[in-house]
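> One structure, pasted below without further comment.
The values are calculated or read from the model by the stated rules, or taken from the named source; none is laboratory data. This is a predicted model, so every value here is computed, not measured. FYI the Cβ positions are ideal-geometry reconstructions off the backbone, even for glycines, and counts take in every protein chain you see. Accessible surface areas use protein heavy atoms only, side chains included; no ligands, DNA or RNA. Shrake-Rupley method; radii C 1.70, N 1.55, O 1.52, S 1.80 Å.
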Amino acid sequence: MASTTRPAQRPLGTSGPVTSALGLGCMGMSDLYGPADEAESIATIHAALDAGITLLDTGDFYGMGHNELLIHEALRGRDRDRVQISVKFGAQRGPDGQWLGYDTSPAATKTALTYTLRRLRTDHIDVYRPARLDPKVPIEETVGAIADLVKGGYVRHIGLSEVGADTLRRAAAVHPISDLQIEYSLLSRSIEAAVLPTARELGIGITAYGVLSRGLLSGHWNPDRSLADTDFRTNSPRFQGDNLAHNLALVEALRAVADSKGASVAQIAIAWVASRGEDVVTLVGARRRDRLAEALSSLDVTLTPADLAAIEAAVPAGAAAGDRYAAAQMARLDSER
């Protein structure tokens, strides 16, 4: 049954915009998860907006501009001011899709924003953020460049992505940071030790992506599922061999909790992240309307203290087998984490 509950509103930190507590991550509509149907992707964005989702998350390197063009098409005829668009930048890729590093220098930052504005056919971006740390550029320089764009009216708020506590402090000393976009799920809880407390101390919100651990916690994953060569999960340690078997056993333990609530595994996983605090906004990466409808129905799930204890028993912190990225990809994350 489709949910009739509209997402509540939550602020992105003390300095950011008020947005829907459930946002739509659009990456998979263009890149990294194998082929996607463009018409269905646009229909999914329309369904999200109609259901009250106002936050759309993208990156200029998702399909190398394709995702931004897709969002522009989906927003055609819609009220731009009723939508918050969050954009990541800085990742460098070759025409074959290979990752070449990061460039968040001031000149590259401002150039990337210019192209993004043109592709989205908009005069501003609501939240603009470097996708990862650039080891060649101090975070102060990158944030300073975005601050110039804020002064010019091209960017409304500054966000960060996948950084640690020290970087949060350094960035916030230059300009208010609205939110940190970072992976947070039952299978990825490392932020709870230092990053989350620091963000809360600084008034920085959390935009949680990967809440279904890239499909592992969807309740729909089949260990015999074949993946396209362009699907990065083919190299993800959590989807390999014994790791996958272990992680799917965790999913089955979580399914018992979900069944007791009359909910799906995905709905319980999403609701758990949403329960972490009013400063946490969850992103769901639905590429189809049926998956979006399932995610929206998580809004109808209320988790009691007993439910939370049962979830913790089913999937304890640190229970996942395998890193969330392959070794080469992990090296691109903030060394603090």
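> Treat every Asp and Glu Cβ in the chain as -1 and every Lys and Arg Cβ as +1, leave all other atoms uncharged, and give the resulting dipole magnitude about the Cα centre to the nearest 20 debye. Provide the component values of the computation, followed by the final result.
Numbers: 35 positive and 41 negative charges, 88 e Å.
My answer is approximately 420 debye.
> Here's a follow-up. Got the relative contact order for the chain handy, in percent, Cα pairs under 8 Å and 6 or more residues apart?
Numbers: 644 pairs, mean separation 75.7, N = 337.
It comes to 22 percent, rounded to a whole number.
> Scanning the chain for helices, which whole DSSP H stretches are 27 Å or more long along the axis (Cα) and average 1.0 or more by Kyte-Doolittle?
On the way: long enough: 241-261 (31 Å, 0.11).
Qualifying helices: none.
> While we're looking at this one, here's another question. Just to confirm a number: summing +1 for Lys and Arg and -1 for Asp and Glu over residues other than Pro305 whose beta-carbon lies under 15 angstrom from that of Pro305, what do you get?
On the way: positive: Lys261, Arg276; negative: Asp307, Glu312.
Net local charge, Pro305 excluded: 0.
> Placing +1 on the Cβ of each Lys and Arg and -1 on the Cβ of each Asp and Glu in the chain, which of Val150, Ala8, Val251 has its Cα farthest towards the positive end of the resulting dipole?
Val150
> Provide Rg over Rh for region 266-309; use the alpha carbon set for both Rg and the Kirkwood Rh (inverse mean inverse pair distance).
Numbers: Rg = 10.9 Å, Rh = 11.0 Å.
Here Rg/Rh amounts to 0.99.
> Hey, got the dipole for region 129-288? About the Cα centre, +1 on K and R Cβ, -1 on D and E Cβ, debye to the nearest 20? Kindly include the intermediate steps, with their values, before the conclusion.
Details: 18 positive and 18 negative charges, 57 e Å.
Dipole of region 129-288, to the nearest 20 debye: 280 debye.
> Oh, and also: Per the 1.4 Å probe, what fraction of the accessible area of the chain, in percent, lies on carbon and sulfur atoms? The partial results should precede the final answer.
Values: 7280 of 13970 Å².
That fraction is 52 percent.
> When the dipole is taken about the Cα centre of region 36-186, and only Lys, Arg (+1) and Asp, Glu (-1) are charged at their Cβ, what size is it in debye, to the nearest 20? Present the calculation step by step, with values, prior to reporting the outcome.
Details: 17 positive and 22 negative charges, 92 e Å.
For region 36-186, the charge dipole is close to 440 debye.
> Hand me the tally of lysine pairs in the chain: alpha carbons under 26 angstrom apart, and the pair either on different chains or 8 or more positions apart.
Lysine pairs, 8 or more places apart or on different chains, close enough: 6.
> Then there's this: Per residue, how many Å² of accessible area does the chain show with a 1.4 Å probe?
Working: 13970 Å² over 337 residues.
That works out to 41 Å² per residue.
> Using modelled backbone amide H atoms (1.01 Å from N, in-plane), which distant-in-sequence or interchain residues come within less than 5 Å of Gly23's amide H?
The answer is Thr282, Leu283, Val284.
> Of Pro176, Ser188, Leu100, which is farthest on the positive side of the dipole of the chain, counting Cα position, with +1 on Lys and Arg Cβ, -1 on Asp and Glu Cβ, and the Cα centre as origin?
Farthest towards the positive end: Pro176.
> What nm value, rounded to one decimal, do you get for the distance between Asp123 and Leu248 when each label is placed 7 Å out toward the C-beta?
5.3 nm
> While we're here: Please state the relative contact order of region 51-145 as a whole percent: Cα pairs under 8 Å, 6+ residues apart? The partial results should precede the final answer.
Numbers: 130 pairs, mean separation 29.4, N = 95.
31 percent.
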